[in-house]
Amino acid sequence: MSNLVVNRNGNKRPLIVRHVFSGCAVLLIAVAVLFASAKSSEAGYASIILDADTGEVLRSRNADTRNYPASLTKMMTLYMLFEELDAGRMLLTDKLPVSKRAAGQPASKLGLKRGATITVHMAIMALATKSANDVATVIAEGISGTEWEFAVAMTKRARALGMKHTRFKNASGLPNRKQLSSARDMGVLAMAILRDFPHYYDYFSAKSFRYNRKTHRTHNKLLNSYPGMDGLKTGYIRASGFNLVASAVRNGRRIIAVVFGGRTARSRDQHMVKLLDLGFERVAQRDKRAGAKKFAIVNSHKIPLPVFKPSVTQTRTAEANSTPAMRRAGSGKWAIQVGAYQTISAAESALLAVSARLPDLLSHASAALTLIEMKRGDILYRARFLGLLKGEAKEACASIKAGSMPCAVVPNPDFRLADHSF
């Protein structure tokens, strides 16, 4: 018994005291680590509500606070993949190889095996619906060779879209302390997807898909319960809490809302319902105040669009009351696009908002609405200002983006418009 309490010098008490203090120190360190870990994994709340037609912020809370995006990251992964498809560098039928690294990604996953392949179409379904981490790595490697290089490209593209508080380190959203974003940035990304890739947006609306004779259902439960909701993406890791980017349409208006840091999936969804309802309420109040001001039809002209190749195109051109007299439409080879909308009224509202904000910069442009007939019979209206010089277009777009509205500089859709007077 004595050999348990006596030290080398025969002093019993110092040994006992030393063990007590040593044990207390270990306990204190463990408690400190536990609380530090708990604090770091407790996500802060953030949210934003946007008018998807104009980019107007209808409400925000901590919208620029940086937090972990979790699987909201996959929205950017898909944006990058959509760019590859539209550029012709990939096809929906292409088969992407599964590497050892991709197959080893943790859940949520599709369970791909090393050496197998998956089509681009099925990969999109797996990301948008199942939020499969293994598939995210497959896409990253298929585009950039390595996931690290893909993450660098993602961050660069995010900056170009105006996502000022975002940095990506992987394609899936799996935990990485340097992978950060904000509610506002995810709202910007959602608007960019709607604006740039409306022809792929249906993927975010899918409620389920089948792969290898198994049905996988969406994590986005509100698709089944909230009227008018048709996308976009859920996200969760312990450090982020429960995140969600949602988009819904009501009475011809589209609202985008973003939530970061939900305590549970259910409470996050309940809060999202309140945000969307509030957004629609505020848009209705704004529209009522604005009245029924419309653009007059000055001319119609068919404009071929290379991506959609529509069978029907009509262009509405007009002058906003707040703009000075315009020079002849088409005298510049460039245009700016401020969105693609599901209703004429939404597109007109976007043109009016931009015209009122930049009367001088757009004094030599003509406002145009282009009707686009989609493959499934859906209709979209592209809102553009035509006939700009390149420098004018860049300056106008920079000013528009600074006001948190979407904008893209594009070549004049049909420069032959220069032969027509408006």
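Here are the numbers for the structure shown:
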| item | result |
| --- | --- |
| Neighbour-count order for VAL98, VAL245, VAL273, VAL138, fewest beta carbons within 10 angstrom listed first | VAL273, VAL98, VAL245, VAL138 |
| Burial ranking of peptide ranges 255-264, 196-205, 223-232 (average Cβ count within 10 Å, highest at the top) | 255-264, 196-205, 223-232 |
| Nearest-20 debye value, region 46-288 charge dipole, Cβ charges on Lys, Arg, Asp, Glu | 900 debye |
| Amide proton proximity set for TYR341, modelled H, under 5 Å, gap of 5+ | TYR381, ARG382, ALA383 |
| 18 Å Cα-Cα threshold exceeded, pairs from LYS113/LYS178; LYS164/LYS401; LYS74/LYS156; LYS95/LYS214 | LYS113/LYS178; LYS95/LYS214 |
| For region 46-288, convex hull of alpha carbons as volume per residue, Å³ | 112 Å³ |
| Amide hydrogen neighbours beyond the local backbone of ALA116, cut-off 5 Å, H modeled | VAL98 |
| Around LYS164: net Lys/Arg minus Asp/Glu count, Cβ-Cβ under 9 Å | 0 |
| Charge dipole magnitude, Cβ of K and R +1, D and E -1 - region 42-146, Cα centre, debye nearest 20 | 660 debye |
| Average Cα contact separation per residue, region 132-252, under 8 Å, 6 or more apart, as relative contact order % | 15 percent |
| Likely footprinting exposure, THR343, THR73, THR370, fewest C-beta neighbours within 10 Å first | THR343, THR370, THR73 |
| Relative contact order %, region 212-275, counting alpha carbon pairs below 8 Å whose residues are six or more apart | 24 percent |
| Rounded to whole Å, sorted largest first: equivalent-ellipsoid semi-axes of region 48-100, Cα gyration tensor | 32, 17, 7 |
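Bear in mind that the values in this text are calculations on the coordinates, not laboratory data. Worth saying up front: this structure is predicted, and the values here are computed from it rather than measured. Cβ atoms come from the backbone with ideal geometry, glycine included; neighbour counts cover every protein chain shown.
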